[in-house]
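Below: one structure, written as structure tokens.
Derivation of every value follows stated rules applied to the coordinates shown; laboratory data play no part. The structure displayed is predicted, hence computed values, not measured ones. Heads up, the Cβs are rebuilt from the backbone with ideal geometry, glycines too, and the neighbour counts pull from every protein chain shown.
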Amino acid sequence: MTHVKRINECTVFVTGGTSGIGLATAIAFAEAGAPHVAIMGRDAGRGETARGRVAAAGSSVSYHQADVRSQKDVEAGIAAAVAIHGTVDVLVNCAGVGGHYAPLPFIDQDPAEFADVCATSFFGILYSSRAILPMMRDGGFGVIINTGSDAGKVPTPGETVIGGMMAAVGMFSRCLAMEAARFNVRVHGLSPSIVQNTRSYDMIMEQPFSEKLFRKAESRAQLGVVQPEDLAALAVFLASPQAARMTGQVISVNGGISAG
């Protein structure tokens, strides 16, 4: 029988865990009974505030300052978390969704920013997954959940670069799922559209082009505009025994803006 772990047996590591989707996810795992949660983020002030909020939900929590664009930073943060908590059973990558750049027509984008968009949105997922997968293999269990975007599924004006990166996140998640299944490691992707109460939402709504684009998208969300907690609840489910036979899924959560 395939080995599974209940949430109350799991140590959870969340990149981008100091705000938005990442913080909501860390809190959701703590509320679901995860005994140990590690969060990673760039801003130490937000990190300590987030650590307190997750701890209040019931978990033993550590904060690790790191920039996901740096392989060295990511590996050091993970090593520090493992030194405290012993292992990582569940990895949720939430850092840099959207790359912190508002949508803009490709011809108007600064090529000097391309590398940073790619590093923030995709490379951090590669670095953390590569660092943690061996210990999941050795432990015979693991769940990796990568947060991307429907920009990787639905061609949208202004999202040419970030859309390419989000498509990469989705395909990486599916391919890794096929490789890692033999280790009893499951891999999924979360694919939101617009998500309120996030830093990315505020950034998007500050720019005329992207505000017009996403106000229109919001109007099509007939089930309601997605909140960070919606993604967090799905991440907890995917990591739970109830999803033990699922892997390789890239799941859209968009309030009905699109289907597929």
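Our coupling estimate for the stretch 73-83, obtained by passing each phi through the Karplus curve with A = 6.51, B = -1.76, C = 1.60 and θ = phi - 60°, is 4, 4, 5, 5, x, 5, 4, 5, 5, 5, 4 Hz, Gly and Pro reported as x. Sorting the segments 196-203, 21-28, 182-189 by their residues' average number of neighbouring beta-carbon atoms within 10 angstrom, most packed first, yields 21-28, 182-189, 196-203.
Between VAL226 and GLN196, the built amide H atoms are under 5 Å apart, and every one of these is 5 or more places off in sequence or on another chain. Note that the stretch 66-72 has calculated 3J(HN,Hα) couplings of 6, 10, 5, 6, 9, 4, 4 Hz, one per residue in order, obtained from phi through the Karplus relation 6.51 cos²θ - 1.76 cosθ + 1.60 (θ = phi - 60°); glycine and proline are x. Calculated mean residue ellipticity at 222 nm for the chain: -13500 deg cm²/dmol, from DSSP H runs with n ≥ 4 weighted as -39500 (n - 2.57), summed, divided by the residue count and rounded to 500.
Only lysines eight or more places from LYS153 in sequence, or on another chain, were considered; those with a Cα closer than 26 Å are LYS212, LYS216. Here the Karplus curve 6.51 cos²θ - 1.76 cosθ + 1.60, taken at θ = phi - 60°, turns the phi angles of the stretch 38-46 into couplings of 10, 10, 10, x, 7, 9, 5, x, 5 Hz, with x standing for Gly and Pro.
Peptides 33-45, 138-150, 60-72: what's the order by average Cβ count within 10 Å, highest mean first?
Details: 33-45: 21.0, 138-150: 23.5, 60-72: 19.4.
Output ranking for 33-45, 138-150, 60-72: 138-150, 33-45, 60-72.
For the listed peptides 79-88, 233-242, 162-171, a ranking on the average number of other beta carbons within 10 Å per residue, highest first, reads 162-171, 233-242, 79-88.
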